Amino acid sequence: MAYALRSPGKRVRPALTIAAYRACGGTSASIAGVAAAVETVHTYSLVHDDLPCMDDDDLRRGRPTTHRQFDVPTATRVGFLLVPIAARVLSEACGTLGLSPKEAGTLAVELFTAGGISGMVGGQWLDLEAEGRTLEIEELRAVHRGKTGALIEASCVLGAMAARAEAGERNAIRDFGREVGLAFQVADDVLDATGTSEELGKTAGKDAAVAKSTYVQLLGVEGARAAAARHAEAAVNSLERSGVPSVTLASLARYIVTRRH
Ligand code: GRG
């Protein structure tokens, strides 16, 4: 578990949680616990995603995947064990932030709904079933809204919830998160097609190798780049329209579509 959690990821999701919290007026350092809970769910998904029964990958964050470093049974258990750890870390952070048990419950529902069948697991399921089949752009968007987008959206909304943002602000942060989630996956597809394994810290060119439908396949590299930029701008606009401007959230949205790994 330590090997998976401490590996050098970008920590984009926790950064979004902390930035959304601050944008909504939150000031406590204990938001780090909520952010850590999100990253823990993300880490479990990476460990399981790399297993031979899913993406079957050897390299993650520039290091051997957890099942390569240890073995498949260990990595399988690591993934499952990270989920209750995320729940405990979230619950403890909510207590330290002074949220009531009812408020803490709403954060838990947000995180674990995003991580479940109507979010990340459901999206991954559709993605696995779609291998070898060409998807229409709307189908592809639905896969990624679940697989990648749901947890990114929740990362943002959890920050707003922890700051007790009112409904208007919370909805603006949700719209921001939804657009950032889409931007993230389109940019990820571009990187998979254009980056090297060394730059990415994971096996490059995997999508084409397994004939996966991607934004690059449907729109071309330049078309996908433009689509990612459009989603990032839509994210920033939704914040500005609703009066929750945040330089940090806007910078994160732009980083997500210009990153090199
Ligand atoms: C039982 C069907 C089923 C699923 C289990 C494995 C799984 C749950 C879901 C997979 C979700 C997944 C891995 C989505 C991909 C998201 C993605 C683009 C990850 C890469 O995120 P980065 O770039 O990675 O933020 P770092 O390493 O920086 O944290």
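The values are calculated or read from the model by the stated rules, or taken from the named source; none is laboratory data. Computed from a predicted structure; not experimentally measured. Glycine also receives a Cβ, built like all others from the backbone with ideal geometry; neighbour counts cover every protein chain displayed.
Things to note:
- Qualifying positions in segment 185-203 - under 16 Å from V216 (Cβ atoms) and away from the ligand (no atom under 13 Å from the Cβ): A193, T194, T196
- Applying the criterion of being small (G, A, S) and either within 16 Å of the ligand (Cβ to nearest atom) or assigned to a helix (DSSP H, G or I) (or both) to the residues of segment 30-49, the residue that is nearest to the chain's Cα centre (by Cα) is S45.
- Criterion violated by E153 - all others in (1) in contact (Cβ under 8 Å) with a residue 40 or more places away in the chain; (2) more than 12 Å from the ligand (Cβ to nearest atom); (3) assigned to a helix (DSSP H, G or I); (4) buried (at least 22 other Cβ atoms within 10 Å of the Cβ) satisfied: (1)
- Residue count, segment 8-29 (criterion: in a loop (DSSP other than H, G, I, E, B) and touching a Leu at 6+ places or on another chain (Cβ under 9 Å)): 3
- Condition check for R259 on (1) among the basic types (K, R); (2) within 28 Å of S7 (Cβ to Cβ); (3) touching a Cys at 6+ places or on another chain (Cβ under 9 Å): one failure, at (3).
- Residue satisfying condition, being within 16 Å of the ligand (Cβ to nearest atom), buried (at least 18 other Cβ atoms within 10 Å of the Cβ) and aliphatic (A, V, I, L, M), within set A19, A93, A104: A19
- Residue check for L140: aliphatic (A, V, I, L, M), part of a helix (DSSP H, G or I), within 16 Å of the ligand (Cβ to nearest atom) and out of contact with any helix residue (DSSP H, G or I) (no Cβ under 6 Å at 6 or more places or on another chain): yes
- Of residues in segment 246-261 being surrounded by fewer than 21 Cβ atoms within 10 Å (Cβ to Cβ) and away from the ligand (no atom under 14 Å from the Cβ), the one nearest to G25 (Cα to Cα): S246
Residues checked against (1) of a type outside the set (A, V, I, L, M, F, W, C); (2) more than 15 Å from the chain's Cα centre (by Cα); (3) at pLDDT below 95:
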residue	(1), (2), (3)
A163	no, yes, no
V180	no, no, no
D188	yes, no, yes
A193	no, yes, yes
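- Number of the condition not met by T27 [criteria: (1) farther than 22 Å from A87 by Cα; (2) surrounded by fewer than 18 Cβ atoms within 10 Å (Cβ to Cβ); (3) touching a residue at least 60 places away in the same chain (Cβ under 8 Å); (4) more than 9 Å from the ligand (Cβ to nearest atom)]: (3)
- Restricting attention to segment 90-116, the residues that are within 14 Å of V41 (Cβ to Cβ) and among the β-branched types (V, I, T) add up to 2.
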